[in-house]
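Here's the structure we're looking at; comments come further down.
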Amino acid sequence: MSEINYFIDALKSYQYLQNAMMAGVLVGIICGVIGCFIILRGMALMGDAISHAVLPGVVIAYILGFSFFIGAVVTGIITALGIGYITQNSRIKDDAAIGIMFTAAFALGIVLITAQRGTDVHLWHILFGNVLAVSKSDLWMTLGVGSFVLMIIFLFYKQFVLSSFDPIMAQAIGLPKKLIHYTLMLLLSLVTVVSLNTVGVILVVAMLITPGSTAYLLTDRLSVMLGLSAGFGVISSILGVYFSFIYDVATGASIVLVASCIFCLAFMFSPKRGVITQKIRKKIVNKKSNTQLIE
Amino acid sequence: MGIVNALDIKNLSVSYNSKTALENIDVAVEPEQLVGIIGPNGAGKSTLIKAVLGLLKPEQGQISFFGQPLKKSHKKIAYVPQQSDIDLDFPITVEEVVLMGRYPHIKWWRRADKKDYEIVTRFLKEVGTEELRNKQIGELSGGQRQRVFLARALTQEADIFFLDEPFSGIDMASEEIIIKLLKKLRDQGKTIFVVHHDLSKVEEYFDSLLLLNKQLISYGKSTEVFNVKALQEAYQGNLTVIPGHSQLVVTC
């Protein structure tokens, strides 16, 4: 209990902690929402790929002194296009093409960073986040980009849902399949940059996929799933920042671990689909039918 | 001026990884009929639909609907997918699925309004699944689900319908409801294409048949096309004729 009080006191008095908390909450919401679509489209691997592929763009943007977002979107989209190009023009399958492209982009990023000795691009911070260094302007940026991403999803909700659920009908009624795909890739690149400070390039995929998957186990309605997913993202961020502050461990990883724990709980105890819930239900049914037999 | 054909396919060829799937298909289908697309496994039945709907790029050929290219015809075309293409775990309700049929009519930034929901209700009733409207799509039986997807196509208020194996794996009652509705649609002046696997009832169900085995074997009135010679050509010997009946059995 005293730890919680201590944390709340710290939250009241330290600006950096407030910023970290706000950033975490925003990232939880944004990743949670877009993550649902990534899961439902079976693109988890693609999400992982794009988030990694953002790295060289961020580094180049840093070296040349323009916005991280531009760099990230450019390398993110180039990677997505490259993956599509390889699968369409060779016998290489999707998953292999993804593996080839994103590791190449990621390696390029690492080489670029390590070539920039003596600068203050911290490899560790980009890879794993540095939530305690979130500035006010970072926060505004996160809020701006987050609103943009959520607005796009809100505006094109119909199109995203239909093309995820029934891509054939979507195409048959003339929805632009490729444009929708690359829009999602663009949003993913933006979301990754926004998440750089909070969880970093490597773990951002967890914020995209874990809360959404947790929600997916709990509901049959997409609207509810989106809400739950954002909610789990927020809870993970808050608890993650808390644990990281109290036990002095890496924030991004601690946020992800909380998200994983929530997933575990849902996996076991989801009312409809939990592994343990189903076992218990089976037992009850068996008991009932046994007693009926006896009677 | 004669009747404009509902569907015109000119010189259509499709291949996957340099293997030919369809070769030089040439066919003109008059409107207001129920057309069965039949042929053995791997004959390219689904490929034909996909090429016609622009889902895959043909090597060559032209397709038009009522004399218009696909680009101008999206609103007029409704499609009912093969059951196996549907993700049964998708978090979506029956009502939401049927509402998708309205999407071509709703401006891209708009949401569905009351009128759209009324249309949804009307067609849910028509296929007899209104009480299932709030169920998740995976909770339905195969037959119920197929009817829901038909309802979705109906809300689209299209002129041409494509159904990919709508009768596979569904109960008799649903099959009867669906075929009845399809016949009603035809009587209202729509043109319906059905990819069909089973040769029994073919004559009973369809006005015209499009017999396919990579090439167009035959197209015409069911009574004319549905003969042993044409079927044997399409099925290449994997067909047994029970003498004395017009019963045909596919042996593969």
Item checked: Output for region B:181-205, where each listed residue is surrounded by fewer than 20 Cβ atoms within 10 Å (Cβ to Cβ), part of a loop (DSSP other than H, G, I, E, B) and either among the polar types (S, T, N, Q) or on the phi < 0 side of the Ramachandran plot (or both) -> B:Gln188, B:His197, B:Asp198, B:Leu199, B:Ser200
Next item on the list: Considering only residues that are among the aliphatic types (A, V, I, L, M) and touching a Phe, Trp or Tyr at 6+ places or on another chain (Cβ under 9 Å), look in region B:89-101 and name the one that is farthest from the other protein chains (Cβ to nearest Cβ).
Entry: B:Val98
Next item on the list: Can you tell me which residue among B:Gly189, B:Gly237 is modelled with pLDDT of 90 or more and either of a type outside the set (A, V, I, L, M, F, W, C) or over 16 Å from the mean Cα position of the chain (by Cα) (or both)?
Entry: B:Gly189
Check: Which members of region B:54-75 meet the condition of being modelled with pLDDT of 90 or more and within 16 Å of the chain's Cα centre (by Cα)?
Finding: B:Phe65
Next item on the list: Take A:Leu222 and decide whether it is more than 30 Å from A:Ala105 (Cα to Cα), among the hydrophobic types (A, V, I, L, M, F, W, C), crowded, with 19+ Cβ neighbours inside 10 Å and in contact with a Lys or Arg (Cβ under 7 Å, 6 or more places away or on another chain).
Entry: no
Next item on the list: Scan region A:218-230 and report the pairs whose first residue is more than 9 Å from chain B (Cβ to nearest Cβ) and whose second residue is surrounded by fewer than 17 Cβ atoms within 10 Å (Cβ to Cβ) and in a helix (DSSP H, G or I), with Cβ atoms within less than 9 Å and a gap of 6+ or a chain change.
Entry: A:Leu218/A:Val224
Check: Before we move on, is B:Gln136 touching a residue at least 12 places away in the same chain (Cβ under 8 Å), facing chain A (nearest Cβ under 8 Å), in contact with a Pro (Cβ under 9 Å, 6 or more places away or on another chain) and buried (at least 16 other Cβ atoms within 10 Å of the Cβ)?
Finding: yes
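Being of a type outside the set (A, V, I, L, M), modelled with pLDDT under 90 and surrounded by 15 or more Cβ atoms within 10 Å (Cβ to Cβ) is the filter here, so list the residues in region B:25-43 that pass it.
Result: B:Gly39, B:Pro40.
Can you name every one of the helices (runs of 4 or more DSSP H) wholly within region A:101-219 that holds 3 or more residues which are surrounded by fewer than 18 Cβ atoms within 10 Å (Cβ to Cβ)? Give the steps one after another, and end with the answer.
Details: elements: A:123-128, A:136-155, A:157-165, A:167-172, A:177-195, A:200-218.
Helices (runs of 4 or more DSSP H) meeting the threshold: A:123-128, A:136-155, A:177-195.
Of the residues B:Lys183, B:Lys214, only one is over 20 Å from B:Pro40 (Cα atoms) and either in contact (Cβ under 8 Å) with a residue 24 or more places away in the chain or under 14 Å from the mean Cα position of the chain (by Cα) (or both); which? If you could, list the steps in order and put the result at the bottom.
On the way: B:Lys214 fails: over 20 Å from B:Pro40 (Cα atoms).
Testing whether each residue is over 20 Å from B:Pro40 (Cα atoms) and either in contact (Cβ under 8 Å) with a residue 24 or more places away in the chain or under 14 Å from the mean Cα position of the chain (by Cα) (or both) leaves just B:Lys183.
Filter region B:102-133 down to the residues that are under 25 Å from A:Ile152 (Cα atoms) and touching a residue at least 40 places away in the same chain (Cβ under 8 Å), then identify the one that is nearest to the other protein chains (Cβ to nearest Cβ). Show your work before the answer.
To start, the set of residues in region B:102-133 that are under 25 Å from A:Ile152 (Cα atoms) comprises B:102-114, B:116-117.
From the residues that got through so far, the ones that are touching a residue at least 40 places away in the same chain (Cβ under 8 Å) too are B:102, B:104-105.
Numbers: B:Arg102: 9, B:Pro104: 5, B:His105: 10 Å.
Only one residue fits best here, namely B:Pro104.
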Check: Within region B:86-121, restricting attention to residues that are over 16 Å from B:Ser141 (Cα atoms) and of a type in the set (Phe, Trp, Tyr), which residue is surrounded by the most Cβ atoms within 10 Å (Cβ to Cβ)?
Finding: B:Tyr103
Notebook entry, point to check: Could you say which residue among A:Ser135, A:Ser213, A:Ser163, A:Ser189 is closer than 24 Å to A:Val27 by Cβ, among the hydroxyl-bearing types (Ser, Thr, Tyr) and within 14 Å of chain B (Cβ to nearest Cβ)?
Noted result: A:Ser213
Notebook entry, point to check: If you take the residues of region B:71-88 that are outside any strand (DSSP E or B) and facing chain A (nearest Cβ under 8 Å), which of them is farthest from A:Arg273 (Cα to Cα)?
Noted result: B:Lys71
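The values are calculated or read from the model by the stated rules, or taken from the named source; none is laboratory data. Because the structure is predicted, anything quoted here is derived from the model rather than measured. Neighbour counts run over all protein chains shown; Cβ positions are idealised from the backbone, glycine included.
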